[in-house]
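Only the coordinates and a few stated rules stand behind these numbers; no lab work does. Predicted, not measured: the structure shown is a model, and the values here were computed from it. Here the Cβ is made from the backbone with ideal geometry for all residues, glycine too, and neighbour counts use every protein chain on show.
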Amino acid sequence: MAKIVLGIGTSHTPLLSLPPEMWEEYATGDSRNPELAFPPDGLIRPFDQAVEWLKSEGRSKYSGSEPFKDQSARFKTALDTLASTLQQAEPDITVIISDDQDEWFYEHNMPRFAVYWGESVPLIPRGQVGNAGNAVMTKAIASGYGEYPMDVPVASHFGRFLVEYLCEHEFDPAHITHARQPYGGKVARRYPTPDGELKTVRETADHDQGLPHGYAFVVKRLFDSKPRPILPVFQNTCYPPNTPSAKRSYQFGQAIGAAIRAWDEPARVAVVASGGLSHFVVDEDQDRKVLGALERKDAETLKGIPGAGLHSAASETLNWISVGGVMEQEPLKFELLDYVPVYRTPANTGGGWAFGRWQ
């Protein structure tokens with residue numbers, strides 16, 4: 001029988017690949033980001049308006065760039081620990097639960113849940129990201145998600161089993177067996193604003209696209225570009241109207257855990273949550289609530305995280321909640337290696353970056 005031997009939760013922000021001297025320059029892009037959802041109501045607000053609002057209430061936590069060097073060092077320590085933990089576990093299958101952000105899925109096809117179960121999946125190094133005027137920054141960010149092309153092995157046989165198991169247990173996942181180039185399209189950001197709904201639509205030109213970044217990060221950083229077989233599992237955390245609730249993501253994780261335990265092969269399985277926690281605006285209260293609930297195996301708290309706290313990229317918290325569901329019946333215990341809230345502007349933009357493992 002298959003056995004879950006390890007769980008991992010990791011952020012995958014570009015800051016993990018950038019030297020701290022570049023964080024200030026990278027943060028200049030936050031003022032142009034139209035997807036800033038602010039706690040506690042989760043409403044989208046313009047950057048300048050948010051700065052004034054937070055300062056007037058004494059809630060701006062930005063203290064300048066001085067903490068960045070120490071925070072960067074903490075990132076490296078935590079990621080090195082997770083990488084050695086995963087590699088030493090030698091899993092036969094690594095299930096990665098993450099999400100897609102304008103990579104494979106667009107408005108013409110946006111499944112709530114999906115499983116990729118081809119024999120392999122291409123990893124294609126990322127192109128222009130970050131500050132187009134800074135080639136060094138662009139190269140550093142791209143390197144965090146894979147520096148050279150490869151075909152990543154996929155646990156195909158278990159992948160089909162998982163699709164069928166989910167279908168038999170009240171889930172209706174999409175399934176994917178190969179990448180079909182090119183990828184491109186439009187995605188609307190239907191997040192709430194104080195006076196309605198955000199009207200932003202992002203369009204991505206057709207391009208060759210390999211394994212989406214949440215999965216490529218695990219291959220590059222945790223497997224050191226020498227991956228054992230993975231199984232990419234997708235949740236549409238980011239883009240309404242078919243995003244899952246915290247309760248549904250937890251149930252999704254429960255079903256994945258049950259499928260692993262029902263797999264009639266002697267496989268060692270690791271499960272990874274890639275993404276989160278809160279960003280593009282830091283929400284320490286919610287992050288700490290989620291991390292504490294994972295430590296306690298507090299299912300009701302995890303299922304009860306409100307939708308208002310899961311708008312924009314903070315929705316990647318759902319990937320951790322799913323792995324919490326996977327681990328509900330496992331003897332493995334959650335250990336938080338580090339939680340690093342990075343405030344990089346007076347608008348409290350940045351992220352609550354977290355690193356943990358179930359052993």
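The table below gives the values:
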quantity: Computed magnitude of the charge dipole of the chain (debye, nearest 20; Cβ of K, R +1, Cβ of D, E -1); calculated: 240
quantity: Note, ³J(HN,Hα) from phi for the range 198-205, Karplus 6.51, -1.76, 1.60, rounded to Hz, x at Gly and Pro; calculated: 4, 9, 5, 10, 9, 10, 10, 5
quantity: Relative frequency of Cα-Cα separations exceeding 25 Å in the range 1-129, percent; calculated: 50
quantity: Calculated on alpha-carbon atoms, Rg and Dmax of the range 204-339 in Å; calculated: 15.4, 46
quantity: Under the Debye formula (equal points on every Cα, no solvent term), log10 I(q)/I(0) of the chain at q = 0.12, 0.13 Å⁻¹; calculated: -0.84, -1.00
quantity: Local electrostatic count at Ile96 - Lys and Arg +1, Asp and Glu -1, tallied over other residues with Cβ under 13 Å; calculated: 0
quantity: Longest to shortest principal axis, alpha-carbon extents of the range 144-288, angstrom; calculated: 55, 37, 31
quantity: Alpha-carbon centroid distance for the pair the range 264-330 / the range 181-214, whole angstrom; calculated: 23
quantity: Selection of trypsin sites (Lys or Arg not before Pro), the range 178-217, meeting DSSP coil and at most 10 other Cβ within 10 Å; calculated: Arg180, Lys199
quantity: The range 65-113: radius of gyration and largest Cα-Cα distance (Dmax), Å; calculated: 17.0, 44
